[in-house]
Amino acid sequence: MRILITNDDGIDTLGIRLLAEWAKKLGEVTVVAPKVGQSAKSHAIEIVQAFEIKKVDFMEGVTAYSVDSTPADCIRFGFNGLKQTYDLVLSGINKGVNVGADIVYSGTVGAVFEAARFGVPAIAFSAFPDGQEAASQYFDEVYAYIVKNNLLKENLIYNVNIPENSKGIRMTYEGAMYYSDGFECVGGDMYHQIGEIIPDECPEDMDRDTVALHAGYTTITPLMTSRTNMSVFKKFQTK
């Protein structure tokens, strides 16, 4: 198996090393990851300015490239720049969970959406900020669940969030907004965006990723690339 790995926290962070070290036992690993942090860059790509891409030392048995751009561009370089094919794309482990409607902002998740454009199955992994190492202990369990249930044949992309002490795995759907939104003036004309975790509007619904994760479960959420509302399309489709 040939595996491409990226993240949005940067190539020199703990999470991606934990993921790459585990993935080595599945097959041949290539890492293409951002030079610096690219959190909340979603599915953005750079098409105006040139940017640096260079081969770097990473870990034994892994070929790695540092890309001074977004996670989606890392995936694009992995396929189009290196002119390689892969059997699986992994993204993470993100330093911070990616759940609920806020996943639209995630660079970690944006990378797996880009992988889907190439028709390759992909999994985004996230954990609580101080829980990446603990979360990595559940990789075998998560992957075994995915293989047992043939999930990568059912759907191309999945979003996985792992708590530090997992009670087990739950298949979930995307919950509500996870963070509140606000702006804080930090001096002069400069502002910083701020937010706090907010309670889910359906706290008893354990099928929601936002609820199940905070109840201590590893959440696996199948995602779709299409943004077309098919029910409306079919209703007004030209005959």
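The values are calculated or read from the model by the stated rules, or taken from the named source; none is laboratory data. Just so it is clear, the model here is predicted, and its values are computed rather than measured. Positions of Cβ are generated from backbone atoms using ideal geometry, with glycine treated the same way; all protein chains shown enter the neighbour counts.
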Looking at (1) surrounded by fewer than 13 Cβ atoms within 10 Å (Cβ to Cβ); (2) over 16 Å from Leu88 (Cβ atoms); (3) touching a strand residue (DSSP E or B) at 6+ places or on another chain (Cβ under 9 Å), which one does Val56 not meet, given that it meets all the others? (1)
Do the conditions hold for Tyr179, that is, is it under 25 Å from Leu14 (Cβ atoms), aromatic (Phe, Trp, Tyr) and out of contact with any Ser or Thr (no Cβ under 9 Å at 6 or more places or on another chain)? yes
Residues of segment 40-84 satisfying the condition of being in a loop (DSSP other than H, G, I, E, B), closer than 19 Å to Ala115 by Cα, modelled with pLDDT of 95 or more and not basic (Lys, Arg): Ser42, His43, Ala44, Ile45, Glu46, Ile47, Asp68, Ser69, Thr70, Leu82, Gln84
Out of the residues in segment 123-145 meeting the condition of being more than 14 Å from Asn159 (Cβ to Cβ) and in contact with a helix residue (DSSP H, G or I) (Cβ under 6 Å, 6 or more places away or on another chain), tell me which one is surrounded by the most Cβ atoms within 10 Å (Cβ to Cβ). Gln132
Yes or no: segment 85-97 includes at least one residue that is in contact with a Lys or Arg (Cβ under 8 Å, 6 or more places away or on another chain), buried (at least 22 other Cβ atoms within 10 Å of the Cβ) and outside any helix (DSSP H, G or I). yes
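Here's the yes/no breakdown for (1) assigned to a loop (DSSP other than H, G, I, E, B); (2) surrounded by 12 or more Cβ atoms within 10 Å (Cβ to Cβ); (3) in contact (Cβ under 8 Å) with a residue 24 or more places away in the chain:
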position: Val186; (1), (2), (3): no, no, no
position: Asp200; (1), (2), (3): yes, yes, yes
position: Ala212; (1), (2), (3): no, yes, yes
position: Thr219; (1), (2), (3): no, yes, yes
position: Arg227; (1), (2), (3): yes, no, no
position: Val232; (1), (2), (3): no, no, no
Taking the conditions exactly as written (modelled with pLDDT under 95 and under 15 Å from Gly100 (Cα atoms)), does Asp200 satisfy them or not? yes
Any residue at all in segment 102-116 that's surrounded by 19 or more Cβ atoms within 10 Å (Cβ to Cβ), touching a residue at least 24 places away in the same chain (Cβ under 8 Å), farther than 24 Å from Arg227 by Cα and among the charged types (D, E, K, R)? no
